[in-house]
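Here is the structure we will look at.
None of the figures in this text is laboratory data; all of them are computed from the coordinates on show. For clarity, every value in this text was computed on a predicted model and none was experimentally measured. Cβ placement follows ideal geometry from the backbone for every residue including glycine, while neighbour counts extend to all protein chains displayed.
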Amino acid sequence: MIIKKIKTTAKDLLTDGSVSLIIGYGINGPGDVTPVFIKDPDDVEKLVWNDQCYYNLIRYLSDRDFIEQNNGSIGIIIKGCDQKSLKVLLSESQVNRDKIKVIGVTCKGLMDSDGNVLAKCEACDVVYPDKDFCDVIIGEEVKKKEKEKDFSDIDEIDSMDLPDRKKFWDNFFERCLRCYACRNICPLCYCKECIMDQHNPQWVLPSASVVGNRLFHIVRAYHLTGRCVDCGECERVCPIGMPLRKINRKIIKVVKERFDFESGKDQEQKSPLTRYRENDSEDFII
Amino acid sequence: MDMLILNKHELIDNIKSLFKDYEIVGPSQLDGKLYFRPVKSMDEVVWDFVNPVNNIKDFFFPPSQVLYELRQDRIKAFEPDTKKKRIILFAKSCDTRALNLLDKLFIGDYKDTSYTARRETTTIIGLSCLEPADRCFCISLGGGPFATKGMDVSISPVRKDKFLLHILTDKGKDIIAEQGTRPEREELSLTEALKQKAEEAIKRKINIPSDFFEKFDSDYWKGVSQACIKCGICTYLCPACHCFDIIDEGYFRIRCWDTCSSDTFTKMAAGEDHRKQKYKKYRQRIYHKFQYYKENFGEIACVGCGRCTTYCPVKMDIVEIVNNS
C-alpha cells in the first residue's frame with residue numbers, strides 16, 4: 001500500500017529528526033484533497049494518497065516567506081511531474097538540495113471530478129520519479145514511457161489566421177480577473193517583486209481589461225520560456241478556465257525546436273534563455 | 001405583496017417581452033462554465049444550476065471601472081451607462097443577500113454614485129435553490145435556499161413547469177404582467193415541501209466560536225494559512241468582498257478590485273508593509289468578514305455561497321477554518 005509507506009516514511013523522517021516538516025497531501029472539511037504541513041510525527045495519519053493529489057507542492061519550496069518560516073529540513077512528497085519543476089528550481093539555484101528530502105511517489109495519473117484522466121497525465125512521461133534523484137521512492141517501478149511529444153493542439157491554434165487567433169484568446173482575456181492564481185500557483189514564478197505588481201514605473205496595466213490582460217499573459221509566457229515543465233497547475237486553478245497549457249505548450253514546442261531543450265530533465269542544464277553559446281542559432285534575429 | 005402561479009411558458013413569455021426595454025443578465029454557459037452574463041434570448045439561460053463562477057456584484061461593482069479621464073486642459077468624469085435598465089435573472093438568495101450587505105457600505109454614510117445608479121436601475125428576479133451544492137452553508141448565516149432578501153421578484157418551483165412568483169417590490173411589479181392564477185393552499189404547501197427538502201440538503205454549518213475575537217494573536221492563523229498562495233480568487237469570486245484600489249492607467253483613473261491576500265494590498269508608498277506575512281493577510285480576510293463588518297454594519301460579510309472553498313486553488317475551507325479557530 002502506497003499510503004502506508006508514505007505515512008511510515010514521513011513518521012520515520014520526522015522522528016529521527018532528519019526533517020522538521022513534511023509537505024504532503026491531506027483532506028479538508030468537505031473532503032477535498034489539500035496540501036498539509038506536518039511537524040508532529042503523530043500527525044502523519046493526516047496524509048493521503050489518491051488520484052486527486054493535483055497540487056505541485058514544489059511551489060512551497062520556492063516561496064521565500066515559507067522557507068524563512070520553516071528553516072529546518074523539509075520532506076516533500078512529489079509526483080514525477082512535480083520532480084521536473086524541482087529540477088528547474090535546482091538549476092536556477094533557488095532550492096538548497098541538502099535541506100530537502102524528496103519522497104517520490106509513483107503516480108498512475110490524476111482524475112478530474114468527473115472521473116476523467118487529466119490531459120496532462122495522458123501525455124505524462126514520468127510516472128515513476130527518478131531513482132537517483134529522490135531520497136525515497138514509494139510505489140512500483142514503472143518503465144519510462146518514451147513518448148513523442150504531441151503538439152497537435154498547438155498546431156491547431158497556429159493554423160488559425162491572425163484575426164481568429166486573436167478572437168480565440170481575447171474571448172478569455174476579456175474574462176480574466178487578474179486574480180493571479182496562475183502566477184501564484186506556479187512553482188517557477190518566484191520573483192521577489194513581480195513586474196505586474198510594480199507601479200512606478202507601471203509596466204503592465206494593472207486593471208482587469210483586455211489590453212492589460214493580453215500583456216500579462218504574454219509577459220508570463222515569456223518569463224516561463226525554457227523553464228515551464230507543463231505541470232498544468234495554472235490551467236487547473238484558473239477560475240474562468242483559460243486554456244493556459246496551450247500557451248505553455250507553445251513555448252515548450254518553440255524551445256524544443258529552436259534549442260532542442262526540454263526543461264526539467266536535467267538539473268545541471270541551464271535553460272537556453274539564461275545562457276549564451278557562440279554557436280547559438282541566430283536565424284530568428286532580424 | 002402579490003403572489004402568482006405561472007406556467008413555465010407564461011413566465012418565459014413574460015421575460016421575453018422585457019428584452020426590448022431591458023438588458024437581461026442571466027446564468028449562461030460559456031466555454032463549459034456558467035456565468036452571470038448578458039443574454040440575447042431565453043434559450044441561453046440555464047434554469048437548473050448551482051452557483052455560477054461569478055456573482056451578481058459584478059454588475060454593480062465591476063472588476064474595473066473608469067472614474068475619470070484627466071487631460072491637461074480638462075477632466076471628464078465617467079458615469080455608468082444606466083440609460084437602458086437591467087434585469088438580473090435567476091439570482092440565488094446568497095448573491096442577493098450579499099447585495100444588501102454591500103448596500104450598507106456603498107449606500108451608507110457615503111453614497112457611491114455609480115453603485116447607487118446601477119442599483120436603482122436594476123431589477124432582480126431571484127430563483128429558489130432546489131439542490132444546493134455540498135459546499136453551501138447559507139442557513140447558518142441567516143440565509144436559506146428559498147430566502148428572498150434582496151430580490152424584487154422571487155420564483156420558486158411548485159412542480160414541474162409550474163412556478164410560484166412572489167412580487168416583492170414596486171420594481172418587481174413593473175416587470176411582471178397581471179396574469180396567471182392566485183396560489184392555492186395545495187400549491188403553497190408543495191413549495192413549502194420543496195423548501196424544507198432544500199434546507200435539509202444544506203449540511204454544512206459555520207459556528208463562530210464565542211472567543212473568536214480573542215484568538216486574533218493566536219498562532220492558529222499561521223498554521224491554517226500555510227497552504228494559501230495569496231491569489232485573489234476567494235475575494236474576487238466572493239459576493240460580499242468589496243475592497244478596491246484606485247489606479248492610474250495613462251490618462252484614466254480607474255477603480256478596480258483589490259484583494260487583501262495580495263502582496264501589494266498594504267504596501268505603503270515608501271515600501272513599508274504592515275501586513276507582510278501571509279497569515280496576517282489571511283487573518284484579515286476572516287476577521288473583516290466575521291468581526292469588523294459586524295462591528296461596523298451589524299452583519300457578517302459572508303453569505304455562505306461556498307465559492308471561496310470551491311474555487312480555492314489549494315482548497316482551503318473557510319467553514320473548517322472559522323469553526324476550529
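Assorted remarks:
- Using θ = phi - 60° in the Karplus curve 6.51 cos²θ - 1.76 cosθ + 1.60, the 3J(HN,Hα) couplings for the stretch B:23-28 round to 8, 9, 10, x, x, 8 Hz; x is entered for Gly and Pro.
- Förster radius 25 Å - calculated FRET efficiency between residue A:117 and residue A:148, Cβ distance, rounded to 0.05: 0.85
- For the protein assembly as shown, share of DSSP beta bridges that run antiparallel, in % to the nearest 5: 65 percent
- In chain B, the calculated helix contribution to ellipticity at 222 nm averages -7500 deg cm²/dmol per residue, counting -39,500 (n - 2.57) for every DSSP H run with n ≥ 4.
- Percent of C-alpha pairs per 10 Å bin, the stretch A:152-274, short to long: 12, 42, 36, 10, 0
- Ignoring aspartates and glutamates fewer than eight residues from residue A:11 along the same chain, the ones with Cα atoms less than 18 angstrom from its Cα are A:40, A:42, A:43, A:45, A:135.
- The mean number of partner chain beta-carbon atoms within 10 angstrom of a residue's beta-carbon across peptide A:202-208 is 6.
- Counting only DSSP H runs of at least 4 residues, each contributing -39500 (n - 2.57), and dividing by the residue count of chain A, the helix-based mean residue ellipticity at 222 nm comes to -10000 deg cm²/dmol.
- Calculated log₁₀ intensity ratio I(q)/I(0) where the Debye formula runs over C-alpha points of the stretch A:2-138, q = 0.16 Å⁻¹: -0.81
- Exercise: per-residue mean of other protein chain Cβ atoms within 10 Å, B:307-319: 6
- Spin-label pair residue A:16-residue A:51: with each label point 7 Å from Cα along the Cα-Cβ axis, the two points sit 3.5 nm from one another.
- When Rg and Dmax are taken over the Cα atoms of the stretch B:61-152, they come to 16.7, 57 Å.
- Euclidean distance of C-alpha centroids, the stretch B:275-302 and the stretch B:47-61, integer Å: 23 Å
- Spatial separation of Cα centroids for the stretch B:154-179 and the stretch A:1-62, in angstrom: 52 Å
- Per the Cα gyration tensor, the stretch B:167-236 maps to an equivalent ellipsoid with semi-axes of 45, 20, 13 Å, ordered largest to smallest.
- Cα gyration tensor shape for chain B, rounded if a/c is under 1.5, else prolate or oblate: oblate
- For the stretch B:240-305, a Kirkwood radius taken over Cα pairs fed into Stokes-Einstein (10 °C, viscosity 1.306 mPa s) yields D = 118 µm²/s.
- In terms of the mean number of neighbouring beta-carbon atoms within 10 Å, the peptides B:45-52, B:22-29 order highest first as B:22-29, B:45-52.
- Under the span-like rule (Cα at least 15 Å along the axis, Kyte-Doolittle mean at least -0.5), DSSP H helices of chain B: B:93-106
- Peptides B:210-218, B:233-241 ranked from most to least packed, by the mean per-residue count of other Cβ atoms within 10 Å: B:233-241, B:210-218.
- Rounded to 5, the percent of DSSP beta bridges in chain B classed as antiparallel: 75 percent
- Peptide B:220-233, shielding by other chains (average Cβ, 10 Å cutoff): 5
- Figure legend: label point modelled 7 angstrom from the Cα of residue B:34 along Cα→Cβ; residues of the stretch B:115-138 with amide N under 11 Å from it are B:129-133.
- FRET efficiency, 1/(1 + (r/R0)^6) with R0 41 Å, evaluated for residue B:100 and residue B:214 via beta carbons: 0.90
- Chain B: Cys lacking any partner C-beta under 4.7 angstrom: B:129, B:136, B:138, B:228, B:231, B:243, B:256, B:260, B:302, B:312
- Between residue A:211 and residue A:282, the simple spin-label model (points 7 angstrom out along Cα→Cβ) gives 3.7 nm.
- C-alpha center-to-center spacing [the stretch A:100-142, the stretch B:217-246] in angstrom: 31 Å
- With one equal scatterer per alpha carbon and no solvent term, the Debye-computed log10 I(q)/I(0) for chain A at 0.11, 0.12, 0.13 1/Å reads -0.70, -0.83, -0.97.
- From the largest down, the protein assembly as shown spans 78, 61, 49 angstrom on the principal axes of its Cα atoms.
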